[in-house]
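The values are calculated or read from the model by the stated rules, or taken from the named source; none is laboratory data. The structure presented is a predicted model; accordingly, all values stated were derived computationally and were not measured. Here the Cβ is made from the backbone with ideal geometry for all residues, glycine too, and neighbour counts use every protein chain on show.
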Amino acid sequence: MELRTAADFADDPRPLFELDAETSGDEPGDVDHEFTDYEAWLEETWRHPLLSHELTSVALVDGRPAAFSAARTDGATRYHTGMTGTARAFRGRGLAKLAKNDSLHRARAAGFTEAFTGNDAGNEPMLAINKWFGYEICATEVRYVRELG
């Protein structure tokens, strides 16, 4: 296992797109989403102005991206984990926790002083990881749903 950053994929981020697509598709939530358009992902995710390639950590197993923790920042003091996930074939090995830990340590070393994250209430694995890291609830969000038909 090796930890790298998203910056190491600058020449070819497609392996991260594939990992993001697989893990995001499995993330609990109200609305299912699917990444199928690489060019849209490049524009909306990879080139997003708040995404930090240097703070986004990627766990590689046998040279293949297996887990990641995407970091966004305000460029000053605030760091936010936008997504953390593990490919199905590698789940249960603690790779998401390792990637998130690496990203958090990089953020602290870079001078960030506040770390934020968000989770769906049904995402027990990430809730457990975030509790382990010492995250505390600072806000809650209530979503309402209505059938249209």
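Among the conditions (1) surrounded by 20 or more Cβ atoms within 10 Å (Cβ to Cβ); (2) modelled with pLDDT under 95, Lys97 misses just one, which is (2).
Can Ile129 be described as modelled with pLDDT under 95, surrounded by 19 or more Cβ atoms within 10 Å (Cβ to Cβ) and more than 14 Å from Asp20 (Cα to Cα)? Here the answer is yes, as Ile129 does meet what is asked. Pairing each residue of segment 56-79 that is within 15 Å of Asp102 (Cβ to Cβ) with any residue that is surrounded by fewer than 18 Cβ atoms within 10 Å (Cβ to Cβ) and among the charged types (D, E, K, R), provided the two are 6+ apart or on different chains, yields C-beta distances under 7 Å for Val58/Arg4; Leu60/Glu2; Leu60/Arg4; Tyr79/Glu114.
Taking the conditions exactly as written (within 17 Å of the chain's Cα centre (by Cα) and either surrounded by fewer than 19 Cβ atoms within 10 Å (Cβ to Cβ) or closer than 26 Å to Ala7 by Cα (or both)), does Leu148 satisfy them or not? Show your work before the answer.
On the way: within 17 Å of the chain's Cα centre (by Cα): no; either surrounded by fewer than 19 Cβ atoms within 10 Å (Cβ to Cβ) or closer than 26 Å to Ala7 by Cα (or both): yes.
No.
Taking residues in segment 112-124 that are β-branched (Val, Ile, Thr), and partners anywhere that are assigned to a strand (DSSP E or B), the pairs with Cβ atoms closer than 9 Å and at least 6 places apart or on different chains are Thr113/Arg78; Thr113/Tyr79; Thr117/His80; Thr117/Thr81; Thr117/Gly82; Thr117/Thr84.
Residue pairs whose Cβ atoms lie under 7 Å apart, separated by 6 or more positions or on different chains, with the first residue in segment 17-46 and under 16 Å from Ala99 (Cβ atoms) and among the hydrophobic types (A, V, I, L, M, F, W, C) and the second surrounded by 11 or more Cβ atoms within 10 Å (Cβ to Cβ) and modelled with pLDDT of 70 or more, are Leu19/Pro65; Leu19/Phe68; Leu19/Ala87.
Name the residue that is farthest from Phe68 (Cα to Cα), counting only residues in segment 16-31 that are in contact with a His (Cβ under 9 Å, 6 or more places away or on another chain) and either at pLDDT 95 or above or outside any loop (DSSP other than H, G, I, E, B) (or both). Even if it seems obvious, please write down each step before you answer.
Pass one, segment 16-31, residues in contact with a His (Cβ under 9 Å, 6 or more places away or on another chain): 24-25, 27.
Checking which are either at pLDDT 95 or above or outside any loop (DSSP other than H, G, I, E, B) (or both) leaves us with 24-25.
Working: Ser24: 11, Gly25: 14 Å.
It comes out as Gly25.
Residues in segment 104-126 that are buried (at least 18 other Cβ atoms within 10 Å of the Cβ) and either farther than 17 Å from Gly82 by Cβ or β-branched (Val, Ile, Thr) (or both): Thr117 alone.
Here the strands (runs of 3 or more DSSP E) wholly within segment 32-119 that include at least 3 residues being closer than 18 Å to Asp8 by Cβ and of a type in the set (Gly, Ala, Ser) are 64-73. Against the criterion of being surrounded by fewer than 13 Cβ atoms within 10 Å (Cβ to Cβ), under 18 Å from Ala6 (Cβ atoms) and not hydrophobic (A, V, I, L, M, F, W, C), Pro49 qualifies.
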